[in-house]
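Down below is the structure, laid out as structure tokens.
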Amino acid sequence: MALVDLPLQQLLSRFSSSDPTPGGGSASALASATGASLLMMVAGLQKTRTQSDDDRAALGAAAAALDGIRRRLTDAIDADAAAYNAVVGAYKLPKATPDEQAARSAAIQRALQAATDVPLDVMKQSVRALEEATVVAAHGYKSAASDVGVAIALLTAGATGAKLNVDVNIEAITDAAYRTEVGADSRDLLETIGTIAERAEALLRN
């Protein structure tokens, strides 16, 4: 059964088990998916910041965007676990002959890049969700400000956790160009996340 289809208690038990999956990558995706969900809740409230048509239009557009973002983040919960399992499987391939060694090395590199791409996308989707958080913070119901604040914290945590997974994976990747590009992208994304989160939090205080 997919992780996302498990009851909450079973999912938490899976996270606390001695099995390596689900691990931090799946937890990061879950944190960001929960943050996006909270933003959707606030965007869908009947009450808005000023009860204006502008508020409702902005929040409606934000909710629509967040729906797609949340689906991507939700998919990443299982995708991260599957990617890690693929890396483990690649390392278990036979290596008795030079041909087997070459095939194994190539499979490991492919699996590592796939395992890096998942948390990198979690970071990208977290940035998108935080951009929508600025809209929800500006137009959402003032009494729900704490929910938006929690969403911002969860998205920041999810993106930060995803960055840790990116960093671990690229250390073992031999493609220098890929490693450099992804390393720069992830650093830029984390910096962007901090900037947007600060802006969204400032809007909450206004």
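Screening V4 against (1) closer than 21 Å to V122 by Cβ; (2) among the β-branched types (V, I, T); (3) buried (at least 19 other Cβ atoms within 10 Å of the Cβ) leaves a single unmet condition, (3).
Does at least one position in segment 175-186 carry a residue that is touching a Gly at 6+ places or on another chain (Cβ under 9 Å) and surrounded by 21 or more Cβ atoms within 10 Å (Cβ to Cβ)? Steps first, please.
So in segment 175-186, the residues touching a Gly at 6+ places or on another chain (Cβ under 9 Å) come out as none.
The answer is no, given that none of the residues of segment 175-186 is touching a Gly at 6+ places or on another chain (Cβ under 9 Å) and surrounded by 21 or more Cβ atoms within 10 Å (Cβ to Cβ).
With respect to the conditions (1) in contact with a Leu (Cβ under 9 Å, 6 or more places away or on another chain); (2) more than 23 Å from G149 (Cβ to Cβ); (3) buried (at least 19 other Cβ atoms within 10 Å of the Cβ), A79 lacks only one, and its number is (1).
Is it fair to say L154 is of a type outside the set (S, T, N, Q) and farther than 24 Å from N206 by Cα?
Details: of a type outside the set (S, T, N, Q): yes; farther than 24 Å from N206 by Cα: no.
For L154, the condition - of a type outside the set (S, T, N, Q) and farther than 24 Å from N206 by Cα - is not met.
Quick check on segment 151-170. Is at least one of its residues out of contact with any Ser or Thr (no Cβ under 6 Å at 6 or more places or on another chain), outside any helix (DSSP H, G or I) and in contact (Cβ under 8 Å) with a residue 24 or more places away in the chain? No, segment 151-170 contains no residue that is out of contact with any Ser or Thr (no Cβ under 6 Å at 6 or more places or on another chain), outside any helix (DSSP H, G or I) and in contact (Cβ under 8 Å) with a residue 24 or more places away in the chain. Within segment 55-112, the set of residues being charged (D, E, K, R) and in contact with a Pro (Cβ under 6 Å, 6 or more places away or on another chain) comprises just one member, E100. Residue by residue through segment 50-69, note down the ones that are in contact (Cβ under 8 Å) with a residue 40 or more places away in the chain and in contact with a helix residue (DSSP H, G or I) (Cβ under 7 Å, 6 or more places away or on another chain). Passing the criteria: D55, A58, L59, A62, A65, L66, I69. The set of residues in segment 1-49 being assigned to a loop (DSSP other than H, G, I, E, B), of a type outside the set (A, V, I, L, M) and in contact (Cβ under 8 Å) with a residue 40 or more places away in the chain consists of P20, T21, P22, G23, K47, R49. Taking segment 171-195 as the range and being more than 15 Å from A31 (Cβ to Cβ) and touching a residue at least 60 places away in the same chain (Cβ under 8 Å) as the test, the residues that pass are A172, I173, T174, D175, Y178, V182, D185, S186, L189, T192.
Against the conditions (1) over 23 Å from the mean Cα position of the chain (by Cα); (2) in contact (Cβ under 8 Å) with a residue 24 or more places away in the chain, L112 satisfies every one except (1).
When you scan segment 79-93, do you find a residue that is among the charged types (D, E, K, R) and part of a helix (DSSP H, G or I), even just one? Among the residues of segment 79-93, at least one is among the charged types (D, E, K, R) and part of a helix (DSSP H, G or I), which makes the answer yes.
Can you find even one residue in segment 196-203 that is free of Cβ contacts under 8 Å to residues at least 60 places away in the same chain, within 23 Å of V42 (Cβ to Cβ) and in a helix (DSSP H, G or I)? Checking segment 196-203: at least one residue is free of Cβ contacts under 8 Å to residues at least 60 places away in the same chain, within 23 Å of V42 (Cβ to Cβ) and in a helix (DSSP H, G or I). Of the residues S37, S26, which is under 22 Å from L204 (Cβ atoms), within 22 Å of the chain's Cα centre (by Cα) and among the polar types (S, T, N, Q)? Going through S37, S26 in turn, just one is under 22 Å from L204 (Cβ atoms), within 22 Å of the chain's Cα centre (by Cα) and among the polar types (S, T, N, Q): S37.
No value in this document is a laboratory result; all are computed from the given coordinates. Model, not experiment: these values are computed from the prediction. Because the Cβ atoms are built from the backbone with ideal geometry, glycine has one as well, and the counts that use them run over all protein chains shown.
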